[in-house]
1. Among residues belonging to segment B:248-278 that are under 29 Å from residue B:302 (Cβ atoms) and among the charged types (D, E, K, R), point out the one that is surrounded by the most Cβ atoms within 10 Å (Cβ to Cβ).
2. Can you find a residue that is basic (Lys, Arg), under 30 Å from residue B:588 (Cβ atoms) and out of contact with any Pro (no Cβ under 7 Å at 6 or more places or on another chain) anywhere in segment A:262-270?
3. Just need a number here: residues in segment B:349-373 that are surrounded by fewer than 24 Cβ atoms within 10 Å (Cβ to Cβ) and either at negative phi or within 13 Å of chain A (Cβ to nearest Cβ) (or both).
4. Conditions: (1) in contact with a Gly (Cβ under 7 Å, 6 or more places away or on another chain); (2) within 13 Å of chain A (Cβ to nearest Cβ). Residue B:385 meets all but one. Number of the miss?
5. All but one of (1) under 19 Å from residue A:104 (Cβ atoms); (2) of a type in the set (A, V, I, L, M); (3) in a loop (DSSP other than H, G, I, E, B) hold for residue B:391; state the number of the condition that does not hold.
6. Going through B:494, B:435 one at a time, which residue ends up being part of a helix (DSSP H, G or I), in contact (Cβ under 8 Å) with a residue 24 or more places away in the chain and small (Gly, Ala, Ser)?
7. So which residues in segment B:331-364 are in contact with an Asp or Glu (Cβ under 9 Å, 6 or more places away or on another chain) and farther than 24 Å from residue B:441 by Cβ, if there are any at all?
8. From (1) within 42 Å of the chain's Cα centre (by Cα); (2) at the interface with chain A (Cβ under 7 Å from one of its Cβ atoms); (3) of a type in the set (A, V, I, L, M), pick out the condition that doesn't hold for residue B:561.
Amino acid sequence: MPSLSQFLLALVQALLLFAAAPLLSGILRVLRAKIHTRHGPGVLQDYRDILKLMKRQDVRPPAAGFAFRLMPIIMVATLLTIATGLPIFTRATPIAALGDLVTIIYLFALLRFFFSLAGLDSGSSFAGIGASRELTLGVLVEPMMLLSLFVAALLAGSTNVGAIGAAIAAGHIRSVGAVVLAGVAFAFAAYFELSKLPYDMAEAEQELQEGPLTEYSGPSLAFINWAMALKQLVVIAFFLAVFLPFGSATGLSLPALAIGLLVFILKVGLIIALISLVENSVARTRFRLTSQHTWLGVGIASLAFVFYLAGL
Amino acid sequence: MAPIQLLLVSVALSGLAALGSLLAGRSESSAIRIAGIGGLLAAVAGILAGASVLGGQVAVLDVPSPFPFAHFVLRLDPLSGLLLVVISALAAVVSIYSLAYVREYGGRGVGAMGFFLNLFVAAMILVVVADNALWFLVFFEMMTLASYFLVIFDQDAEAVSAGFIYFLMAHAGSMAIMAAFFLMANAAGGSFDFAAFRAAHPSEPVASIVFVLALLGFGTKAGMIPLHAWLPRAHPAAPSHASALMSGVMIKIGVFGILKVGVDLLGGGVMWWGILVLTFGVVTSVLAIIYALAERDIKRLLAYSSVENIGIILIGVGTGMIGLAVHQPLIAVLGLMAALYHLLNHAVFKGLLFLGAGSVVYRMHTKDMEKMGGLARTMPWTSLCFLLGAVAVAAIPPLNGFVSEWFTYQALFAAALGGTFLEQFASPIAATALAVTGALAVMCFVKAYGEIFSGASRSRHADQAHEVPAPMVVGMVVLALGCVGLGLAAPVVAPVIGSIAAATLHMPVVVFANGAAVMPGEAAHTSLSTPLIAILLIALAVLPVLISATFKAARAGARRAAAPWACGYLPDSHMAVSANSFAQPIRMFFAPLYAIRRTADTASDHIAHGFGELVAETRRSEPLFDRALVAPVAEAVGGIGHLLQRLQSGNFSTYCLYIVTALLILLLFTLR
């Protein structure tokens, strides 16, 4: 069982991510505007949007039931739960009993379950198609994500995310090639989870009227937008914790945690700069061709597995 | 009472309930009550009997039987105790549910239905405790026949044809099992006692043949792909409470049989047995869930999902058998424990889902999901229970399906770290397949729940539906609580199942729990705490609720819009995503895997067609026999008759002539 300080750290890091999530999406918007050479809103625009939506009326379609109503809350709660389990500023997981890679992947499945169900529950055809696409992407990405993590876990000898990160940071890894390839495959899989161009299939704004979000309004929409930004931050943190753990705090002392926090911010900044470059230089992939991209990812993950077997 | 006596009481009560239901057939309400309450009492006794041996004791009953070569031996060990608890627990819930559900079948022989259902439960209980090959086969056959009569209960063309395929395949399977047992009996010096089988230790080639025969035979019962063809037809055809028992527990008897022969009787064997089981498990789980996704008949979807879960259980069994063969106790116990845990969990959530589907069909009178929709508003209890079952079967934390899949992953991980290359190669592939299965299961059950209970209603029946009677709700709620309980109480349940696995394998106990967390063995660097996940999910959900509440004064209350947005067109129910179109992307991306099924179906069509040809040929050869054999004989007899008729002309003088001639001949004889 986690000690009190570990438990506090877990809660603090989850709440920090929650508070910073709209900032992340704000920065991405500013970067997008810069690449388009236009002015665009400030970095705090998403906070203002959320505040405004909180004061707007909640309008629900006639067919909507409790799945539609509860989804925004479940989405936020699930992402916060994942955030408590990840090692973010530290090397080790604050709560070890939440930090298993299988647990984290299946908590994302909980999110996907209710996100898609709410799409069906709204009775809108756009939301229904968005739901179907969201789940299909899950099917296509899952093998890539699990196999790459499994290879890293085998090299580290544990399925705990913190233990994998610690082994990689310490260099206790038998085959470097395998871990690099696994990292590439996992980064690819994580990019799908960001719902960014070219893979924003489910929430495609122009194609599907934002898919499962079509019928949401008011505070519900505010929470979903907030949670989507939080999901991006959590996915980035997941990648950093496993494959780029360098610089995070090894102990629980305050100075170490402060340095860990700073390093985390730097790493996230670097990653979102990369994401912004990718998403603004490509067009959306045709949905029926997505499987070709995911097979490539599965191929990279399989290659990592072969490298692991060969010990390269 | 001693475990064995409780067991006998349970079987006797089942038998009495079966007979009582049959005798009271005229008065339908009393037949339903006798079958239901009798079944419930029998199930309670069964649960007590099973639970009392979970700790590790073994109870044996040996009575002389009419056959000198086949003692009537019953043996309750931890493994059969677990199966006994699973069978009895589901039978108890089904008995409660049947009190209201069976009224749907009024006027169509509910007495017989109660008879076959109770007989079916008693037969399953006797199969898992029988400790003699002959009696095992007798009870196995009894179980097959009782369930066959439940499958054909509707008596329509589909039910009869499904029943026929079930009958055919079940007996092909029994044949393989029989052959396996005869080979074992041969090796055991002619005795049919399982005790003699255990002591026999046949040579490796013989043991391998026995194991493969048993795997095929019991695999047919379990619905393992490619021997599954009967399952998605027979399970939906039976009444829903019988489908719950068939999918929830009967197919587990197949897994139990594989374990019984492979681990208990043959004691482990060689590594390729485990690899074979693992391969069957992987293929079964991935293919079955892909097929489930394409279904629009709710009960067929659930039946395919049962096949998928058998695959997941077999992955655990295979990993355990690999560990046993290479003498790695941790992998063996972990794999078997994951399999047994999933076996228990699947019985609970699949039972729940079939009862939920039964409730929906009870009101809708159709199994087609495209004609449902929006039932969450009119059937809130059914909807909530079905949702819990769907979340559990999709292996979503913190419910029970996730816990056993987590252990399956951990078993595969331990095997992947293990010594041999084959283990290192096969286990990560199996884990990846399990991940794909998990993602597909999520999609499948979002579709099932969403199409039935969410959105707008798509038919008149769906508009007018209302909640099912209390006994049916109680049955579903009990199982839904089971899903939550077996998930959250994992730190209590896991060690118990772990000790059953260790006792079955005769291996040291592995540490599975520490405080509120479960872990795969003492040395593992990972753990899982479902209670903690549940607490965090609930506690952190308070945050958005609070934030929303602080702005409540600033905004107008929620309102319902007139219609969902459809780009300015008037939306109608055909615009919403249907069960078919929802799964369309998967059908597109996995087209080759559906093509396999088409080929396989054509093959089974050929077999069915071939059987038809055989029947026709037999009919044609019947007259041939008539012409060649029967007709000439008949003609000859007739001809002789005609000749004899001429003797009796009826003329008095001719008769006098006969007498005189006879006298003359006698006179000549005496004179000589």
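The values are calculated or read from the model by the stated rules, or taken from the named source; none is laboratory data. These figures come from a predicted structure and were not determined experimentally. A quick note on method: Cβ atoms are made from the backbone with ideal geometry, for glycine too, and the neighbour counts reach across all protein chains shown.
1. So the residue we want is B:252.
2. No, segment A:262-270 contains no residue that is basic (Lys, Arg), under 30 Å from residue B:588 (Cβ atoms) and out of contact with any Pro (no Cβ under 7 Å at 6 or more places or on another chain).
3. 9
4. With (1) in contact with a Gly (Cβ under 7 Å, 6 or more places away or on another chain); (2) within 13 Å of chain A (Cβ to nearest Cβ) applied to residue B:385, the lone miss is (2).
5. Residue B:391 satisfies all of (1) under 19 Å from residue A:104 (Cβ atoms); (2) of a type in the set (A, V, I, L, M); (3) in a loop (DSSP other than H, G, I, E, B) except (3).
6. B:494
7. B:331, B:362, B:363
8. Here residue B:561 clears every test but (1).
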